[in-house]
Structure formats: C-alpha cells, structure tokens
Amino acid sequence: MGPLVSYDHISADTNLLLAFIIGIGFGFVLESSGFSSSRKLAGVFYGYDTVVLKVFFTAAITAMLGLLFFSLFGWIDLDMVYVNPTYLYSAIGGGVIMGIGFIMGGYCPGTSFCGASIGKIDAFVFIGGLFLGVLIFAEGYPLWEEFFKAKFLGDPKISSALGLSDGIFAFGVILVALGMFWVGEWAEKKFPQPEY
Amino acid sequence: MVKKEQTSKTAGYINPYLGGVLLGLVLLAAFFVSGRGLGASGAIKSTIVATVDAVAPAHTEKTKFYQEEAASHGEKPMKSWLVFEMMGVIVGGFLSGALAGRLKLKVEHSPKITSRRRLAFALAGGILFGFGSQLGRGCTSGSALTGMGVMSMGGFITMAAIFGTAFAMAYFFRKNWI
Amino acid sequence: MNPRLLLALFIVPLGLIIAAVPQDTTHPYKLDASQMLIEATASSQFLSPDAVADMLVQKDPNLQLIDVRTPDEFLKFSLPGAINIPLPDLLSEEFKDILDQDIKMNVLYSNGTLHANEAWMIATQLGYKNNYVLQGGLNFWAETIMNPTSPSSTSPDEELAKYDFRKGASMALGGGVADSPVAAGAEGNVPAKPIVKKAAKKKVQGGC
C-alpha cells in the first residue's frame, strides 16, 4: 500500500532517486505541453492561448480522481498523503503576490526551470529573481512572520469544509473544469494572436 | 507566412488535454511514491538555505528563518525530495526540447517590446513570485496544483488568488504580451 | 474527434463512479496481515486480572471495561462500570467513538479470552488504539479475584501479598458471585505487561 515511503516499502535514498525520475517526467510533460514558453503561458490571461488552463485543470482532476480510485482499491492510504495546511491570510496574500509576479514575469517557478532547460534567457533571469525573492523573504522574515502564521485553520479538505463527500466534490470540479475548457476554446477563437 | 505559423502551433506541442492527463499521472505517481505532490519553489528555498549556510554560517545561526528551516527540514537542506525532483525537471525539459528541436538560446518576447524590457519584467516577476511562494507556502505546482489534487482548502484558495490576481492585472501589462 | 469531448467522455463517467461509491468503505483495515501478525504474536494486548482489579479499586478514570458477551449474559453479571458491546454489534456506528479514541484504556472481556480477542483483532486492524483484553476472561477473573484460593502457609511472601490483595479487591468489588461462569483451565498465569507500540508508518513532511 502506498505511499511507498510511508510504509517503508522503499528506503529514503530510493525515494530521492524516484524523485529525480518523477521530476524528469514532470519536466518532460511541462515542456512538451508548451510550458517552456512565457508567451504561451501568459496567453491564458488574454484568451489567445489557454493551454495553461487546460493542462492545469486536466492534471488536477486526473490526480484527484486517481487518488480517490487508488484509495478505493486500497492502493494508497490517504491519511498518509500530505495535505497542505491552510493559513488563510498568507494563502491569499501569497497568491496575490504570485499572481502579479506571474503576469509580469510570464513564468511560474516550475515552468521557468523548464524554459531555462531549453535555453530561454528570460527564464534564467526569472529564476535569478526567484532566488532574490526567497532570499528577501528569508532575511526579512521577522517583519512578516506574524502575517505568515496568522489565521491557521489546520489542514482541512475543501470537500469536508463544504460538507460534501470527496467523490461528489471531485465530480463538481470535473464539471466546472469542462465548462472552463469550453470557454477557453471559445476565447482562443475570439482573441487570436499570431504565432511566435 | 501566416499559414506556416498556424501549422507550427500544433506541430511542436502535444495536445493540452493529453499533456494534462500525463501531468496528472506524474502527480499521482509522486503521491503514490512519497505521499507528497510536486513542487518547485521548495527546491529554491533549500538551495538558498544551503547557500547562505555555506557562505555565512554565523548569519544563519542568529537568523530566525534559517533556524526554523533547520528545525523543520533537518540539517541537510539539499538532500530533499524537491531538490532531486527539480534536477529531474531540468533534465526532462531538456530531453523534451531536444527531441522536438526547440533547444535555442533566446529571449522570448512580444515583437512590440525590447529584450531589455522583457528581462527587466522577468526579474521583477521572479522576485515577486519567489517572495509570494514563500508567503503562500508553495507555488503553482506545490500549493495550487498539488493542493487541488488532495483537495486542500489552502490549495484552492491560493490557486484562486494567483489566477484571479493575474487576470485582474492582465490589463495593465497587456503591452508586454499582446 | 474534439479532444475536449474525448476527455469528457472518459472523465465524466469516472467522476460519476467516484461520486456514487461511498468513501473509504472498501479498505477499512489499516493494518496489513504482517503488521497484524506482529501485534498478535507480541500478546501485548493482555492485561492480568490483578492489574484490572487494581485499577477498579483505585477507580482509575482511564479504565473503560467493555463486555463483548450477549446482553443477556451482561445483565446477569458484569464487572463494575462495564458497558456492553455485543460482538455482533462491534462495527455498529454508535460504538465507534468508544472503541476508536486515544484517551481511555479499553479493556475487552468475555467469558474466556476467545470473543474478547476476536473483538480486539478487528479493532486493532481498523487502526484503533488503546484496546486491551482481560487475560483469561471472566472465568479466570472468578478464579483469581472473586474466589482466590489461599496459598499454603509455606508460600513465598509474594504469593501471600497477592492473595491479600485479591481478597481485598474481591471484597471491594462485591465478590463471590453465585452464577459465576465455569472456571476454565489456567491459561497463561503470567501477567503480560502492555506495551504500547509506535506505529511504523510515518507521515511525510511536505512543503513547496
């Protein structure tokens, strides 16, 4: 039963090796979907290219369904899977800052490494910015520590917060995602941009 | 000219829905193996912690952030899951780019702006993203995508905040992209 | 075919299936067979009658005695403060809070050890903690606590002290029951000390 490392089926070092292999898969899929191009990424915000929307939400619902089916078959113990904790203020505040960074820089951290791996100089500069940003956060930590740790809500699942079963919530997300894909494809026709 | 550009759009990249399913399976594999999802900014944090500790050990001794990091993530920041995963990302991205013939050193920007402007915005965006990813406890991969996969409330909130803000600000930066 | 519709064709039925099946019902067991074997062979679930009697006399608030026999048997005789969870109703929703908690110390008992042990096995496989079994069951209880046999005068002091304690406990707990169950053979007189094991699995550290 998974997660393999939690049940001692694999050692910590094997876990790191598998991390490297999973990373290769991650990078390969990101690059071949076009996530190494900042103009393709930023396209979602102007409607001319919604590949981000499609890949991101298809991946989220695939993983969500996969986890629920794995749990159903007894292949994975969901209690052992890390659920990100919720600190309400910093989740929103961090998200807003990342959103501005996204529209200015055109990358997010994962995709910038992808872009850099195929030689995008703007991606290298973006990565340099990332390091600076993290360093600023680390050095000025006492200034925003209070905000960072405010409004801790534990690690709730959104499904249980809404009083729904995981399955019904997942089905809802699937329907919303398919609706957004439809809007995205409509937008691509409505706001075309020449290829670059 | 236009015709040729149209074909190049679909030739190089795989279908986004197929890409999404594959990415979802990679994420699922990460859950199955290690009980945690994918991430990117965590690897940068580990690198920063390790670098600062190597350059100025006295500084890390008395700075709270590094102390909290050492307490929660152990003494060897570079021997972390996300660092190895991100090394894989670089290899994977390179392999995919090489197979599709996309390896090329260039600054990618809209024809309406200069390279210098593009790089300045990339740097500013990187700084903001780096800062925000620490504040939000994870970036688009670690918090938003992984968080959505496990239905974390924080993940959904961060996802909505990132994309919502970017949409809201898109108008002000439109010259950079369209 | 439109890739979006193709995706929908696969993912919508899967979503419907996952929405329709009840959550977490197909894999209720938290411990796999080998972990269970370790738990079972360690015999750390057994508490001696003396230990239980001592807690009863002390009125230890952590003790929760659970009678897994039938309600009829429970009405005829039960240990002080015990509650009745008949074995067939073990998985009933109303008893889940009692069995699955980590504050009290649940001591399961039946006439012998068989039924209590069955209940303990299931509860442990479900991942419930703090469940123990009264060693020897009520039969052994009757033999040792209710009607202790006086040791011969040549016995070591230890034996005499034990006898005194048992007599005292028997008195305090209202001993000498008329229809006490048939005494079974003395099985395992050695009081097994409960060892609370740490779970082998560990939750991973996250963080991006």
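Where a number appears in this text, it was derived from the coordinates with a stated rule and is not lab data. Note that the structure is a prediction, hence the values are computed from the model and not measured. Neighbour counts are summed over all protein chains in view; Cβ atoms, including those assigned to glycine, are modelled from backbone coordinates with ideal geometry.
Here are some notes:
- For the residues of B:49-60, the average number of beta carbons from a partner chain within 10 Å of their own beta carbon is 1.
- In a DSSP loop and with at most 12 other Cβ atoms within 10 Å, the chymotrypsin sites (Phe, Trp or Tyr not before Pro) in the stretch A:38-128 are A:Phe73.
- Gyration tensor verdict on chain A (Cα atoms; rounded if a/c is under 1.5, prolate if a/b is larger than b/c, oblate otherwise): rounded
- 222 nm mean residue ellipticity, helices alone, for chain A (DSSP H n ≥ 4; -39,500 (n - 2.57); rounded to 500): -21500 deg cm²/dmol
- Magnitude of the charge dipole, the protein assembly as shown, Cβ model with Lys/Arg +1 and Asp/Glu -1, debye to 20: 3700
- Residue-averaged 222 nm ellipticity for chain B, from DSSP H runs of 4+ at -39500 (n - 2.57), nearest 500: -22500 deg cm²/dmol
- Violating pairs (Cα-Cα greater than 20 angstrom) within the set A:Lys149/B:Lys64; A:Lys40/B:Lys104; A:Lys149/B:Lys45; A:Lys151/B:Lys79; A:Lys54/A:Lys189: A:Lys151/B:Lys79
- Degrees between helix B:2-12 axis and first principal axis of chain B (Cα, 0 to 90, nearest 10): 40
- Within the stretch B:68-124, trypsin sites (Lys or Arg not before Pro) in DSSP loop having at most 16 other beta-carbon neighbours inside 10 Å: B:Lys79, B:Lys104, B:Lys112
- Placed amide H near C:Met105: partners under 5 Å, 5+ positions off or other chain: C:Leu63, C:Gln64
- Shape category assigned to the protein assembly as shown from the gyration tensor of Cα positions, a/c cut at 1.5: prolate
- When both bridge partners sit in the protein assembly as shown, DSSP labels roughly 10% of those beta bridges antiparallel.
- Loop-located chymotrypsin sites (Phe, Trp or Tyr not before Pro) in the stretch B:145-178 (DSSP state not H, G, I, E or B) with no more than 12 neighbouring Cβ atoms inside 10 Å do not occur.
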